[in-house]
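As structure tokens, the structure follows; a few thoughts come after it.
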Amino acid sequence: MKKLSLLLLMMMFIGGCAAQSHNMVCDKIETSKKHPYSIEVAVDGGRETNPLWTSQISNSEFTQAIETSILNSDIFKSIAKGDNADYYLNVDIVKISQPIIGLDFDIAMETKWALIQKTTKTIVWSDKIATTYKAKLGTAFLAGERLQKANEGSARENIKEGLSRLSQVDF
């Protein structure tokens, strides 16, 4: 009975919700150029959240956050799918470092971005983006919620940096 109570107590404080795409979206991004092309976005390397364990960032939520951020920033003409897209943006989540316990949660996120011209399959640009985000104790009392906010913040910063760098590319 003690073990079950301890497990339930730990789940209350550690168990997390999945990172939500709307909390990862960048509203303001400083962009150098606006590209007159359509783009398709795909993400690999994300993980679904197990409700009994820690918050994670899924491929679909990160994809949606990137797409919405692109639309908000007008960096590309539009989001398209399949043959309708001029370019393909592939973002690989390489690593997310997150603590299990703590008062403040520092999350480090590393991604690899690659922009590919669809018809020629030529890599036009690629870069590794490494960002960090700290969710302080005052952000949320429960550790699981604080970890979720830290994940969302690290993803938001990564998107912001990736799109900012992408906007500087001539193609």
Among the residues listed as Glu61, Glu67, the single one being in a helix (DSSP H, G or I) and at pLDDT below 95: Glu61
Kindly indicate the residue of the range 113-152 that is assigned to a strand (DSSP E or B) and modelled with pLDDT under 80 and also farthest from Ser167 (Cα to Cα) among those meeting that condition. Ala135
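The values are calculated or read from the model by the stated rules, or taken from the named source; none is laboratory data. Worth saying up front: this structure is predicted, and the values here are computed from it rather than measured.
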